[in-house]
Structures are given as structure tokens and as C-alpha cells.
1. Check 205, 225, 240 and return the single one that is at pLDDT 95 or above, within 29 Å of residue 53 (Cα to Cα), over 24 Å from the mean Cα position of the chain (by Cα) and outside the structural domain of residue 92 (by TED's automatic domain parsing).
2. Within region 202-220, work out how many residues are closer than 19 Å to residue 346 by Cβ, surrounded by fewer than 21 Cβ atoms within 10 Å (Cβ to Cβ) and in contact (Cβ under 8 Å) with a residue 12 or more places away in the chain.
3. Determine which single condition residue 247 fails, assuming it passes every other condition in (1) under 27 Å from residue 46 (Cα atoms); (2) surrounded by fewer than 21 Cβ atoms within 10 Å (Cβ to Cβ); (3) in contact (Cβ under 8 Å) with a residue 12 or more places away in the chain.
4. Within region 281-314, how many residues are closer than 22 Å to residue 204 by Cα and exposed (fewer than 13 other Cβ atoms within 10 Å of the Cβ)?
5. Any idea which residue in region 267-280 is surrounded by the most Cβ atoms within 10 Å (Cβ to Cβ), counting only those that are part of a loop (DSSP other than H, G, I, E, B) and in contact with a helix residue (DSSP H, G or I) (Cβ under 8 Å, 6 or more places away or on another chain)?
6. Failed condition for residue 264, given (1) in contact (Cβ under 8 Å) with a residue 24 or more places away in the chain; (2) assigned to a helix (DSSP H, G or I); (3) surrounded by fewer than 22 Cβ atoms within 10 Å (Cβ to Cβ); (4) out of contact with any helix residue (DSSP H, G or I) (no Cβ under 6 Å at 6 or more places or on another chain), with all others met?
7. Pick from 92, 104, 46, 140: which is at pLDDT 90 or above, over 22 Å from residue 318 (Cβ atoms) and within 17 Å of the chain's Cα centre (by Cα)?
8. Give the residues of region 339-350 that are in contact (Cβ under 8 Å) with a residue 12 or more places away in the chain and surrounded by fewer than 21 Cβ atoms within 10 Å (Cβ to Cβ), sorted by residue number.
């Protein structure tokens, strides 16, 4: 094992705002693992919508635009409404190797390749739904090294590359959490925003459950999503009621929201299920309560997951039931370029940064 350096490469988020709030540095002190923690040498860190949302302060309820807009909220722009402390190292997708352990952690863990569970339960809170996220409440993977809780760092044994594994944590645990929350089985489902990280993960994970999948995406991405397992694709600009028909879908997995949201309730069958974990086209929607109660629909929000959800994802990887979908990787110092590519939304799958 090489000697652990005193300083590391990394990217500081210096405040809410534009892309220039990201500052690449090579003199960030390497963190020290405390009781129950491990030090991980990061080999890959995926880019996610939440990175952009947090940088822009989009989670503030004062903002109602789509996630790529330039509106800034500086006071309560974190996902839980509690102001962030800056500088912060973002990056909720962490793949790497344990190189040091804190007190209370078995030293035999050193050398393990791990994925860190991104959205973690907060045992110190009396609220069972309380959550803390790596890269938000504490520093994450946009650096050469990061500290994580030992019990949230899951060993994974497979022949995937580090970059491929780095594409997994947020997207696949979010998708798996949505499917578990809505208890999706052999049903006909519609996935909005299906070409993104969560959407493409949801296609694979829903296919494992025997679902019939309709993926909403841009036409130039349709063949890629059919290769992943989508049975049908629809244009993201289509009138869904005309194309799919009213009362035709058992469940909707929504990552988009926006102005066309009301169509999603119309295409659901009576007794249908709607589950949401994103709103990239805008968080404010028009809800006709008659569509909700006259059709006896069930609406789910999905963010907090029990640990078994992440354990499911690890098992799918190790059993070869899913495959990674990395569009492109970038060196960490090119984070601004990578986030600009991310916001253009012209790719399928995930982008990954390599420290």
C-alpha cells in the first residue's frame, strides 16, 4: 500500500451559483477517518442531477424552474432546506478502495473495493425518514480521497471497471427505491426521462421484475433504450393521451414533472400507481384532484431508502443481472466541461469523473 499523502486533488463547491463556483485544487488536506469510518481512495465518481441542483440552489421552494435554469437561491438551496456549509466537496457516487480505517473498524477491510451508499439514514434523528447524503451534508467523491462510514461502504466483487461501478450508486439505488416503493411487478409501466442515469437504470431493474416498459425519451435515443430492455418508446414531446390512450398504464415512474405532468394521471388506469423521484422539467405541476380521487390513484414520493435497496443493487451487479451504461468519463480537473456536457442531455446513461 502506497503512503497516504498529506494533500489531495479535489473540487470545492464554494457556494450556490454558476459553474465557476466549482474550484479545482491540488492542496486539499486528506481527511482522517474517525470512529466507525474508512478512508477511501476514489477511483470514479458519477455526475448526477443532484450535483447541479445543489450548486444552483434549485432545491429551494422559491425556485420553480427546470433543473438546468440559472436561478440561484443562496439561503436554503440544499435538498433538506438546511443551509450548506462551504466549501463542500460534492459527489454522491463513490467507487474506490479502502486504504485506512478508523477506530472500531476491522483492519481487514483495507484493500476492499467498495461502493458507498449515497443516501444514508440518519440514526441520530428521531425521525425515521431523516436522511443525509454524501456530497451534500458531508464531503463526497469529487476528490482523490474521501471518508465514509464503514457500514455504508459496501464491498462489491465483479469484473466491472472502477469507472463502470462509479456510475451506479445514486442512479440505481434511486431507481430500485422507486420500484420497491411502488411494488412494481409484471405490469405495464411508463418511465419518463428514461435516457438519464435513473431512467436507464429503471429500465433494467423493471425488466428484472418482468414489467412491460414504455420509455419516454428523445427519438435519437430510442434504439439505445430498446437495447436496454424497453419494449416501446414515446417521444418526450408526444401527447401521451393520444399516443398511449387514457387508462392504459399500470404505473408511472416519473423523473421529469413539468408542464405536461397532468397527462401522466390521465394515462394511468383506475387504481394505478405514480411514483416520483425527480422533476428536471420543473417541480410545480397542475393537479386535477378529480383525476386523483375518481380513479383511486396512488401517489408515491421516493427519496429515502432502507439499506436493503442498495444491497439489492450490489447483488444485481455481482449476479450479472444488470450492466453499466457509461457514456463518457472525464478527468476530475475537467469537471466544468463534464457538467456542461451533462446539462446538454445529449447522451444516454452516465458521465463519470476520475480523480
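1. Only one candidate passes the filter, namely 240.
2. Of the residues in that region, 2 qualify.
3. It fails just one condition, (1).
4. Of the residues in that region, 3 qualify.
5. 278
6. Here residue 264 clears every test but (3).
7. Exactly one residue qualifies, and that residue is 140.
8. Initial filter on region 339-350 (in contact (Cβ under 8 Å) with a residue 12 or more places away in the chain): 339-343, 345, 347-350.
Result: 339, 340, 341, 343, 345, 347.
The values are calculated or read from the model by the stated rules, or taken from the named source; none is laboratory data. What you see is a predicted model, and the numbers here were worked out from it, not measured in a lab. With ideal geometry, Cβ positions are generated from the backbone for all residues, glycine too; neighbour counts draw on all protein chains shown.
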